[in-house]
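Everything on this sheet refers to the single structure shown next.
The values are calculated or read from the model by the stated rules, or taken from the named source; none is laboratory data. None of the values given here were measured: they were computed from a predicted structure. FYI the Cβ positions are ideal-geometry reconstructions off the backbone, even for glycines, and counts take in every protein chain you see. The accessibility values were calculated without ligands, DNA or RNA, using every heavy atom of the protein model including side chains. Shrake-Rupley method; radii C 1.70, N 1.55, O 1.52, S 1.80 Å.
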Amino acid sequence: MKIKTLYIKPIDYVGFRKSKTFSHSEEAIFPNIKTFYGAILGAYLRKNNLKPSDIEEIINSKKLKIVGPFLSDVNENIYFKIPAIIKQNEETKEYFKGKIDENFSFVVNSKELYGIKYDSMRNLKEPKKSLISLNELEEIKKGNIAIEDTIPEIFNREEKIGIALENRKSKEGMLYSYSYFRFKENAGFVLFVEKDELNILNEIDYITLGTKGKLAKLEIKEIETTIFDKVPDSKKGLMLLTPAYFYNGVLPINNENIIAVANYKPENIGFWNLKNKKPGELFKVVPSGSVYYINSEFNNEYKHNFTDKFSEYNFGKYIEIKL
(Lines give C-alpha, C1' and ligand atoms only; values in the text may rest on other atoms or scores of the structure.)
Protein backbone atom coordinates (compact mmCIF):
# COMPACT_ATOMS: atom_id res chain seq x y z
CA MET A 1 0.00 0.00 0.00
CA LYS A 2 1.03 3.61 -0.51
CA ILE A 3 1.32 5.81 2.55
CA LYS A 4 2.07 9.50 2.97
CA THR A 5 5.25 10.28 4.90
CA LEU A 6 6.43 13.46 6.55
CA TYR A 7 10.20 13.96 6.62
CA ILE A 8 11.47 16.46 9.21
CA LYS A 9 15.08 17.44 8.55
CA PRO A 10 16.86 19.52 11.22
CA ILE A 11 19.00 22.30 9.80
CA ASP A 12 21.13 22.65 12.95
CA TYR A 13 21.83 20.51 16.00
CA VAL A 14 18.79 19.56 18.11
CA GLY A 15 18.47 18.46 21.72
CA PHE A 16 15.51 17.12 23.68
CA ARG A 17 15.26 17.00 27.46
CA LYS A 18 13.04 14.98 29.71
CA SER A 19 10.21 16.97 31.27
CA LYS A 20 11.92 17.63 34.58
CA THR A 21 13.80 20.32 36.47
CA PHE A 22 17.39 21.48 35.99
CA SER A 23 20.12 18.86 35.90
CA HIS A 24 23.90 19.36 35.82
CA SER A 25 24.26 16.63 33.21
CA GLU A 26 21.59 15.95 30.64
CA GLU A 27 21.74 13.17 28.05
CA ALA A 28 19.89 13.88 24.82
CA ILE A 29 16.79 11.72 24.58
CA PHE A 30 14.80 10.57 21.58
CA PRO A 31 11.72 12.84 21.36
CA ASN A 32 8.21 11.46 21.71
CA ILE A 33 5.33 12.14 19.35
CA LYS A 34 3.90 15.05 21.35
CA THR A 35 7.07 17.01 20.58
CA PHE A 36 6.15 16.87 16.90
CA TYR A 37 2.47 17.56 17.41
CA GLY A 38 3.49 20.60 19.45
CA ALA A 39 6.00 21.86 16.88
CA ILE A 40 3.70 21.35 13.87
CA LEU A 41 0.52 22.67 15.47
CA GLY A 42 2.42 25.51 17.13
CA ALA A 43 3.56 26.69 13.70
CA TYR A 44 0.00 26.27 12.41
CA LEU A 45 -1.34 28.26 15.39
CA ARG A 46 1.02 31.18 14.76
CA LYS A 47 0.29 31.26 11.03
CA ASN A 48 -3.50 31.25 11.48
CA ASN A 49 -3.79 33.21 14.74
CA LEU A 50 -5.42 30.31 16.57
CA LYS A 51 -5.84 29.78 20.30
CA PRO A 52 -4.31 26.89 22.29
CA SER A 53 -7.85 25.53 22.72
CA ASP A 54 -8.10 25.24 18.93
CA ILE A 55 -4.96 23.08 18.95
CA GLU A 56 -6.37 20.86 21.69
CA GLU A 57 -9.53 20.37 19.63
CA ILE A 58 -7.53 19.35 16.55
CA ILE A 59 -5.64 16.74 18.58
CA ASN A 60 -8.59 15.37 20.54
CA SER A 61 -10.79 15.10 17.44
CA LYS A 62 -7.87 13.45 15.58
CA LYS A 63 -8.08 15.79 12.60
CA LEU A 64 -4.32 15.39 12.32
CA LYS A 65 -3.03 11.84 12.86
CA ILE A 66 0.68 11.20 12.52
CA VAL A 67 2.61 8.08 13.53
CA GLY A 68 6.18 8.09 14.81
CA PRO A 69 8.71 9.48 15.16
CA PHE A 70 11.13 7.23 13.28
CA LEU A 71 14.50 8.03 11.77
CA SER A 72 15.60 8.53 8.16
CA ASP A 73 19.15 8.39 6.83
CA VAL A 74 20.90 10.48 4.18
CA ASN A 75 19.14 8.48 1.46
CA GLU A 76 15.72 8.84 3.13
CA ASN A 77 15.59 5.17 4.14
CA ILE A 78 13.34 4.76 7.19
CA TYR A 79 14.54 3.03 10.38
CA PHE A 80 12.70 1.52 13.34
CA LYS A 81 13.69 0.08 16.70
CA ILE A 82 14.63 -3.56 16.24
CA PRO A 83 11.86 -5.89 17.51
CA ALA A 84 12.36 -7.25 21.01
CA ILE A 85 11.92 -10.81 19.71
CA ILE A 86 15.21 -10.57 17.77
CA LYS A 87 18.36 -11.79 19.54
CA GLN A 88 21.91 -12.29 18.27
CA ASN A 89 24.50 -14.98 18.95
CA GLU A 90 27.44 -13.21 20.57
CA GLU A 91 30.01 -15.41 18.81
CA THR A 92 28.57 -16.21 15.37
CA LYS A 93 26.63 -12.90 15.06
CA GLU A 94 23.66 -14.88 13.70
CA TYR A 95 20.20 -13.46 14.36
CA PHE A 96 17.31 -15.48 15.82
CA LYS A 97 13.59 -14.72 16.11
CA GLY A 98 11.64 -15.67 19.23
CA LYS A 99 8.90 -18.30 19.18
CA ILE A 100 6.19 -19.20 21.67
CA ASP A 101 7.23 -21.91 24.17
CA GLU A 102 4.00 -23.63 25.23
CA ASN A 103 5.96 -25.92 27.58
CA PHE A 104 6.76 -23.01 29.89
CA SER A 105 4.45 -20.41 31.39
CA PHE A 106 4.40 -17.79 34.14
CA VAL A 107 1.89 -15.36 35.63
CA VAL A 108 1.88 -11.56 35.27
CA ASN A 109 -0.92 -9.59 36.94
CA SER A 110 -3.00 -12.77 37.28
CA LYS A 111 -2.55 -13.48 33.56
CA GLU A 112 -0.81 -16.71 32.48
CA LEU A 113 1.67 -16.15 29.65
CA TYR A 114 3.82 -18.55 27.64
CA GLY A 115 7.58 -18.14 27.53
CA ILE A 116 9.68 -17.25 24.49
CA LYS A 117 12.25 -19.65 23.01
CA TYR A 118 14.81 -19.54 20.21
CA ASP A 119 16.15 -22.20 17.83
CA SER A 120 19.50 -21.79 19.55
CA MET A 121 19.63 -20.52 23.13
CA ARG A 122 23.41 -20.43 23.58
CA ASN A 123 25.25 -17.10 23.76
CA LEU A 124 22.17 -15.06 22.88
CA LYS A 125 22.37 -11.33 23.59
CA GLU A 126 20.56 -8.19 22.61
CA PRO A 127 21.64 -7.29 19.05
CA LYS A 128 24.38 -4.71 18.72
CA LYS A 129 22.29 -3.18 15.99
CA SER A 130 19.45 -1.14 17.54
CA LEU A 131 17.75 0.02 14.33
CA ILE A 132 16.42 -1.86 11.32
CA SER A 133 15.37 -0.51 7.95
CA LEU A 134 11.90 -0.58 6.48
CA ASN A 135 12.95 -3.38 4.12
CA GLU A 136 14.30 -5.46 7.01
CA LEU A 137 11.11 -4.92 9.00
CA GLU A 138 9.02 -6.01 6.01
CA GLU A 139 10.97 -9.29 5.96
CA ILE A 140 10.45 -9.84 9.71
CA LYS A 141 6.75 -9.19 9.15
CA LYS A 142 6.74 -12.12 6.70
CA GLY A 143 8.50 -14.35 9.25
CA ASN A 144 11.97 -14.02 7.71
CA ILE A 145 15.23 -12.67 9.10
CA ALA A 146 17.25 -10.66 6.60
CA ILE A 147 19.16 -8.24 8.80
CA GLU A 148 22.33 -6.60 7.50
CA ASP A 149 25.11 -5.35 9.74
CA THR A 150 25.40 -1.97 8.01
CA ILE A 151 25.23 1.15 10.17
CA PRO A 152 22.96 3.86 8.78
CA GLU A 153 24.23 7.42 8.41
CA ILE A 154 21.74 9.42 10.46
CA PHE A 155 23.30 11.57 13.22
CA ASN A 156 26.22 12.06 15.58
CA ARG A 157 25.93 12.78 19.30
CA GLU A 158 27.81 15.84 20.48
CA GLU A 159 28.13 17.66 23.79
CA LYS A 160 27.99 21.29 24.85
CA ILE A 161 28.95 22.99 28.09
CA GLY A 162 26.78 25.85 29.33
CA ILE A 163 25.91 28.04 32.30
CA ALA A 164 22.37 28.46 33.57
CA LEU A 165 21.21 32.11 33.62
CA GLU A 166 18.84 34.05 35.86
CA ASN A 167 17.93 37.62 34.85
CA ARG A 168 20.72 37.41 32.26
CA LYS A 169 23.29 36.65 34.97
CA SER A 170 25.03 33.32 35.54
CA LYS A 171 23.77 31.29 38.46
CA GLU A 172 26.41 30.04 40.88
CA GLY A 173 27.03 26.31 40.64
CA MET A 174 24.91 25.99 37.52
CA LEU A 175 27.56 24.87 35.04
CA TYR A 176 26.09 22.00 33.04
CA SER A 177 26.85 19.63 30.18
CA TYR A 178 24.27 18.94 27.51
CA SER A 179 24.33 16.32 24.76
CA TYR A 180 22.41 16.66 21.52
CA PHE A 181 21.97 15.27 18.00
CA ARG A 182 23.63 16.66 14.89
CA PHE A 183 21.96 15.06 11.87
CA LYS A 184 23.75 14.27 8.65
CA GLU A 185 22.72 16.32 5.63
CA ASN A 186 19.30 15.15 4.33
CA ALA A 187 18.77 12.86 7.36
CA GLY A 188 16.24 13.44 10.11
CA PHE A 189 12.96 12.26 11.56
CA VAL A 190 10.07 10.76 9.65
CA LEU A 191 6.40 10.21 10.49
CA PHE A 192 3.58 8.41 8.71
CA VAL A 193 0.57 10.61 7.98
CA GLU A 194 -2.74 8.84 8.57
CA LYS A 195 -5.01 11.87 8.38
CA ASP A 196 -4.72 15.61 7.76
CA GLU A 197 -8.29 16.88 7.41
CA LEU A 198 -7.30 20.56 7.55
CA ASN A 199 -4.31 20.25 5.16
CA ILE A 200 -2.12 21.54 7.98
CA LEU A 201 1.05 19.96 6.64
CA ASN A 202 0.67 21.66 3.27
CA GLU A 203 0.73 25.07 4.96
CA ILE A 204 3.99 24.62 6.87
CA ASP A 205 7.50 24.52 5.44
CA TYR A 206 9.53 24.85 8.65
CA ILE A 207 9.09 24.16 12.36
CA THR A 208 11.26 24.75 15.42
CA LEU A 209 12.43 21.71 17.38
CA GLY A 210 14.06 20.95 20.70
CA THR A 211 15.09 22.97 23.73
CA LYS A 212 16.87 25.64 21.65
CA GLY A 213 14.12 25.96 19.04
CA LYS A 214 16.26 24.96 16.06
CA LEU A 215 14.80 25.09 12.56
CA ALA A 216 13.79 21.93 10.73
CA LYS A 217 12.45 21.58 7.19
CA LEU A 218 9.29 19.61 6.37
CA GLU A 219 8.95 17.49 3.23
CA ILE A 220 5.89 15.42 2.31
CA LYS A 221 6.41 12.31 0.20
CA GLU A 222 4.75 8.98 -0.51
CA ILE A 223 6.22 5.50 -0.15
CA GLU A 224 5.13 1.96 -0.94
CA THR A 225 5.21 -0.48 1.98
CA THR A 226 3.62 -3.69 3.22
CA ILE A 227 4.19 -3.22 6.94
CA PHE A 228 0.58 -2.24 7.63
CA ASP A 229 -0.87 -5.23 5.75
CA LYS A 230 -2.86 -7.69 7.87
CA VAL A 231 -1.50 -11.15 8.69
CA PRO A 232 -4.31 -13.69 8.06
CA ASP A 233 -3.14 -16.18 10.73
CA SER A 234 -5.13 -16.42 13.97
CA LYS A 235 -1.90 -16.61 16.00
CA LYS A 236 0.45 -13.73 15.26
CA GLY A 237 2.58 -11.04 16.82
CA LEU A 238 1.77 -7.37 17.31
CA MET A 239 4.85 -5.18 17.22
CA LEU A 240 4.57 -1.70 18.69
CA LEU A 241 5.73 1.00 16.28
CA THR A 242 5.05 3.63 18.93
CA PRO A 243 5.08 3.40 22.75
CA ALA A 244 1.99 2.12 24.57
CA TYR A 245 0.55 3.16 27.92
CA PHE A 246 -1.10 0.43 29.99
CA TYR A 247 -2.67 1.09 33.37
CA ASN A 248 -1.43 -2.31 34.61
CA GLY A 249 2.17 -1.87 33.47
CA VAL A 250 3.13 -4.29 30.69
CA LEU A 251 -0.33 -5.75 30.10
CA PRO A 252 -3.40 -3.85 28.82
CA ILE A 253 -6.71 -3.88 30.66
CA ASN A 254 -8.28 -6.17 28.05
CA ASN A 255 -5.71 -8.94 27.67
CA GLU A 256 -7.78 -12.07 27.01
CA ASN A 257 -6.22 -12.56 23.54
CA ILE A 258 -2.60 -12.18 24.65
CA ILE A 259 -0.62 -15.41 25.09
CA ALA A 260 3.02 -14.20 25.29
CA VAL A 261 5.01 -10.97 25.53
CA ALA A 262 8.52 -9.98 24.43
CA ASN A 263 8.89 -6.43 25.70
CA TYR A 264 11.64 -3.93 26.23
CA LYS A 265 12.14 -2.51 29.70
CA PRO A 266 9.52 0.21 30.40
CA GLU A 267 10.69 3.78 29.83
CA ASN A 268 9.81 7.05 31.54
CA ILE A 269 8.56 9.84 29.32
CA GLY A 270 6.76 13.09 29.99
CA PHE A 271 4.82 15.79 28.16
CA TRP A 272 5.40 19.52 28.39
CA ASN A 273 2.30 21.21 29.83
CA LEU A 274 1.71 23.95 27.25
CA LYS A 275 -1.22 25.50 29.11
CA ASN A 276 0.67 25.90 32.42
CA LYS A 277 4.10 26.23 30.76
CA LYS A 278 5.82 23.69 32.96
CA PRO A 279 6.93 20.05 32.84
CA GLY A 280 4.17 17.50 33.13
CA GLU A 281 4.27 14.35 35.20
CA LEU A 282 6.58 11.54 34.07
CA PHE A 283 4.90 8.22 33.32
CA LYS A 284 6.00 4.75 32.23
CA VAL A 285 5.36 3.33 28.76
CA VAL A 286 6.05 0.04 27.02
CA PRO A 287 8.63 1.05 24.38
CA SER A 288 8.31 0.66 20.64
CA GLY A 289 9.72 -2.62 19.32
CA SER A 290 7.95 -4.65 22.01
CA VAL A 291 5.97 -7.62 20.67
CA TYR A 292 2.71 -9.13 21.94
CA TYR A 293 1.62 -12.58 20.75
CA ILE A 294 -2.14 -13.05 20.31
CA ASN A 295 -4.26 -16.10 19.49
CA SER A 296 -7.24 -14.32 17.91
CA GLU A 297 -8.29 -10.93 16.58
CA PHE A 298 -9.02 -8.12 19.01
CA ASN A 299 -12.72 -7.43 19.41
CA ASN A 300 -12.29 -4.33 21.53
CA GLU A 301 -10.78 -0.84 21.39
CA TYR A 302 -7.30 -2.16 20.51
CA LYS A 303 -8.17 -2.73 16.85
CA HIS A 304 -6.43 0.51 15.86
CA ASN A 305 -4.27 1.56 18.81
CA PHE A 306 -2.94 -0.96 21.32
CA THR A 307 -2.90 1.35 24.32
CA ASP A 308 -5.09 2.23 27.30
CA LYS A 309 -4.35 5.96 27.02
CA PHE A 310 -3.02 8.63 24.62
CA SER A 311 -4.53 7.16 21.46
CA GLU A 312 -5.07 10.77 20.31
CA TYR A 313 -1.26 10.92 19.93
CA ASN A 314 -1.21 7.54 18.17
CA PHE A 315 0.35 5.72 21.10
CA GLY A 316 0.15 1.96 20.64
CA LYS A 317 0.29 1.98 16.85
CA TYR A 318 1.27 -1.55 15.85
CA ILE A 319 1.91 -3.82 12.89
CA GLU A 320 1.13 -7.52 12.61
CA ILE A 321 3.98 -10.00 12.11
CA LYS A 322 4.07 -13.72 11.39
CA LEU A 323 5.16 -16.03 14.22
Report task. Kindly indicate whether Pro69 is in contact (Cβ under 8 Å) with a residue 24 or more places away in the chain and assigned to a strand (DSSP E or B). Result -> yes
Report task. Mind telling me which of the residues Glu267, Glu320, Glu256 ends up being free of Cβ contacts under 8 Å to residues at least 40 places away in the same chain and closer than 18 Å to Phe80 by Cβ? Result -> Glu267
Query raised in the report: Does Tyr178 satisfy the condition of being modelled with pLDDT under 95, among the hydroxyl-bearing types (Ser, Thr, Tyr) and touching a strand residue (DSSP E or B) at 6+ places or on another chain (Cβ under 6 Å)?
Result: yes
Query raised in the report: For the stretch 72-126, what are the residues that are β-branched (Val, Ile, Thr), loosely packed, with under 14 Cβ neighbours inside 10 Å and part of a loop (DSSP other than H, G, I, E, B)?
Result: Thr92
Report summary line: the stretch 202-317: strands (runs of 3 or more DSSP E) wholly inside it with 2 or more residues that are farther than 28 Å from Glu112 by Cβ, aliphatic (A, V, I, L, M) and open to solvent by 40 Å² or more (accessible area, probe 1.4 Å) are 214-224
Report task. Check whether at least one residue in the stretch 39-59 is modelled with pLDDT of 90 or more, closer than 21 Å to Ser130 by Cβ and open to solvent by less than 20 Å² (accessible area, probe 1.4 Å), and report yes or no. Result -> no
